[in-house]
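Worksheet for the structure shown next.
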Amino acid sequence: MAAGLSALEHVVTADAIAKRLPQQRDAGRQVLCELPATRIGGVRRLVRALQDLPSNGAVLGKARRHLAGSTVPSKAPSDSMPFSPAALWPVVMLFASNIFMTFAWYGHLKHKSSAIFLAIIVSWGIAFFEYCLAVPANRIGSAVYTTAQLKTMQEVITLIVFAGFSIFWLGENLTWNHAIGFALIAIGASFIFRA
């Protein structure tokens, strides 16, 4: 294995070795077992990959003993997410940033008589504050969530904020079709958070 690869790249490489060269299957497992356990997410993927490989039990047992000696907490990150500030702050910051962004994108629709150039400048100024919240939210959230989870969370939050904005700022009504459409998007988003 080449130095500098992430744990996931090690898993993918070892899996490729195991598929291409059946006689090397145990050697691939041996390499996986000897990886340093420095990244929680990588270690969890490593354990899942080891469990998926057919084994006589000895190799998997060795991997579990190796991981037991590492500094990995006993709980998976998803088990401790609700109590972690790194899991909560991104949600709060994304809600706040989406309020700014919704006003930047759609707030001018309440003032259609104003010049478009003025609407662009004001929207750009409002969007600056959105970025001041969204960028740190994603940076903090990346310690707990995957990029796909962060993006999915942002999209669901956008729908929630937009629904409230449409009703309270623009005075528009949401219909059952809107509610069903938003619910289907939220259901789809829930699949991103499943293991």
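In this structure, I140 qualifies as under 22 Å from the mean Cα position of the chain (by Cα) and part of a helix (DSSP H, G or I). Of the residues making up the stretch 163-191, those that are under 15 Å from Y106 (Cα atoms) and assigned to a helix (DSSP H, G or I) are A163, G164, F165, S166, I167, F168.
Among the residues of the stretch 106-156, those identified as surrounded by fewer than 16 Cβ atoms within 10 Å (Cβ to Cβ) and among the aromatic types (F, W, Y) are Y106, F117, W124, F128, Y131. Can S190 be described as of a type outside the set (A, V, I, L, M, F, W, C) and modelled with pLDDT of 90 or more? In short, no.
If C132 meets every condition in (1) over 24 Å from S190 (Cβ atoms); (2) modelled with pLDDT under 95; (3) part of a helix (DSSP H, G or I) apart from one, which number is that one? Unmet for C132, out of (1) over 24 Å from S190 (Cβ atoms); (2) modelled with pLDDT under 95; (3) part of a helix (DSSP H, G or I): (2). Scanning the stretch 123-162 for residues that are within 12 Å of S97 (Cβ to Cβ) and of a type in the set (D, E, K, R) yields one hit, E130.
The values are calculated or read from the model by the stated rules, or taken from the named source; none is laboratory data. Given the structure is predicted, the values throughout are model-derived calculations rather than measurements. Methodologically, a virtual Cβ is constructed for each residue, glycine included, from the backbone with ideal geometry; neighbour enumeration extends over all protein chains shown.
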